[in-house]
Amino acid sequence: MANILIVEDNETMREGMEKVITKMGHHVVGASSGAEGLERFDEETFDFVLTDLKMEPIDGMEVLTRIREKAPEQLVMILTAYGSIETAVESMRKGAFDFITKPFSQDYLRMKVNQALEMVQLSRDRQRLTQTTEYFREEERREYNFEEIVGDSSKMEEIFSTIRKVAGGGSTVFIYGESGTGKELIARAIHYHSDRAEGPFIKLSCSALAEGVLESELFGHEKGSFTGAVRRKLGRFELAHKGTLFLDEIGDISPLIQLKLLRVLQEREFERVGGTQPIKIDVRVITATNKDLLEEIRKNNFREDLYYRLHIVPIKVPPLRERKEDIPPLVEHFITKLGKRTNKKVRMIDEEAMNVLMEYYWPGNIRELENIIEQSMVLTDGEVIRASDLPMFMAIDRPRGDLESQLGTRPLPEIVDEIERDLIKAAYGRANGVKTETAKLLGIKTSALYYKLEKYGLIQEKGET
């Protein structure tokens, strides 16, 4: 139900319109003069206003002007006699949505009211979309503020310094490091501290897509360019215009895509798949990989000229095991961050559990740490994460340097058996007891895993038959 204001000094006309619009299911407020209409407008919020043009001493044009001064987005429709069309057109130049020429039928009035309410809804939808987009943009700015990227180590300070230096320019940035080290976090921090921050940040993971799909995702396609292309699609480069395009796992793209990407970087233009019209773009490109691209060049898997186009500003992200002093602040950060998601009031982690985290090798880096903290928060019964709340495999994971201390204490086969048992137990725990996944982690056949599980009594430990 809409709330509608009718400003009309002809009582019969006003009451007739009120009756028609009320039957449509809307609430109507009537005003017998321009002054009363403006007074009512100050008292209530209306979806739109219908005002007569010829009134004294305040006419409809003045009502329109004053309302638009107070509420520039307010929808106003003018009622005018047949001989005043030019004046009605002038009112539209001053911001009126539409006008109705008297006399008019009830059906015509209903149609005009529905058109106005459709426009009101479209305006609200646009406003909601704009505000929602701005909200999420502000949330991203806060989340990816590099000053909030957690890390006190000297290696992270070097990265912070590089981000500050590179953010203001438009140079291509190349981020490399193991999976889970936070490469996307750094890419977003660069974007939101650049002069492109108001533009879009568009991400594409190149490893998960076949060549044809990746080409279409990057450059878009024209309708009918291939089977299933039922309409034109804009690619990520177009979507990122005036913003930043982050291409993750860039080392996995095919030679054809490498060639096309090189051309875009050189010429700042491209054609959609199936198209012939060059499309100019203004995009900052940030790429990331966990591969050694120089080794891929030696293997003829990656173009050397593309590598040097991408490798303008390199940022190396160290693995977590090389900056373990960052583990305590990261744990504190994740406990705070994950509190709402887990619905747990965990305050801290105890010393024994922290020691386990500090001794672990962290093959999955920060992503693995976050997952483990979340899992531990879910499983703990109290406000403190204890060693017993951590995944089982972490308790037996040992630094490689501990092996030398065992030399001469026991026979080698016994030491080897213990190491093999611990590794199988760790893999079994990490795979949540899924034997095929455990065998995959260990690089052995499933049949061999069954034998070793039985040999070391691990099936009984897991309560399996």
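The values are calculated or read from the model by the stated rules, or taken from the named source; none is laboratory data. A quick note: this is a predicted structure, and the numbers were derived from the prediction, not measured. Ideal geometry is used to build each Cβ from the backbone, glycine not excepted, and the neighbour counts take in all protein chains shown. When the accessible area is computed, the model is the full protein with side chains, heavy atoms only, and any ligands, DNA or RNA have been set aside. Shrake-Rupley method; radii C 1.70, N 1.55, O 1.52, S 1.80 Å.
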Suppose we filter Pro72, Pro103, Pro57 for residues that are within 17 Å of Glu36 (Cα to Cα), surrounded by fewer than 20 Cβ atoms within 10 Å (Cβ to Cβ) and either touching a Leu at 6+ places or on another chain (Cβ under 6 Å) or free of Cβ contacts under 8 Å to residues at least 24 places away in the same chain (or both); which single one remains?
Pro57
What residue, among those in the range 359-376 that are surrounded by 18 or more Cβ atoms within 10 Å (Cβ to Cβ) and over 25 Å from the mean Cα position of the chain (by Cα), is farthest from Asp326 (Cα to Cα)?
Ser376
How many residues, within the range 279-291, are within 15 Å of Leu218 (Cβ to Cβ) and open to solvent by 10 Å² or more (accessible area, probe 1.4 Å)?
2
Out of Leu294, Leu218, Leu204, Leu256, sole residue that is in a helix (DSSP H, G or I) and open to solvent by less than 60 Å² (accessible area, probe 1.4 Å):
Leu218
May I ask you to say which residue of Phe99, Phe160, Phe136, Phe104 is at pLDDT 75 or above, assigned to a helix (DSSP H, G or I) and of a type in the set (A, V, I, L, M, F, W, C)?
Phe160
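Please find, among Arg309, Arg231, the residue that is basic (Lys, Arg), open to solvent by 50 Å² or more (accessible area, probe 1.4 Å) and assigned to a helix (DSSP H, G or I).
One residue alone meets the criteria, Arg309.
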Select, from Ile58, Ile67, the only residue that is among the β-branched types (Val, Ile, Thr) and closer than 19 Å to Asn3 by Cβ.
Ile67
Selection count, the range 75-95, where residues are surrounded by 12 or more Cβ atoms within 10 Å (Cβ to Cβ) and at pLDDT below 85
12
Only one residue in Phe237, Phe246 is part of a helix (DSSP H, G or I) and open to solvent by less than 10 Å² (accessible area, probe 1.4 Å), so which one is that?
Phe237
Scanning for something open to solvent by less than 30 Å² (accessible area, probe 1.4 Å), more than 22 Å from Leu293 (Cα to Cα) and in a loop (DSSP other than H, G, I, E, B), does the range 166-187 turn up at least one residue?
no
Might you let me know whether the range 233-243 holds any residue that is of a type in the set (Asp, Glu) and over 14 Å from Val283 (Cα atoms)?
no
Find the residue count for the range 17-36, including only residues that are part of a helix (DSSP H, G or I), of a type outside the set (Asp, Glu) and closer than 23 Å to Glu118 by Cβ.
6
How many residues of the range 259-278 are under 28 Å from Ala189 (Cα atoms), open to solvent by 30 Å² or more (accessible area, probe 1.4 Å) and assigned to a helix (DSSP H, G or I)? The answer is 4
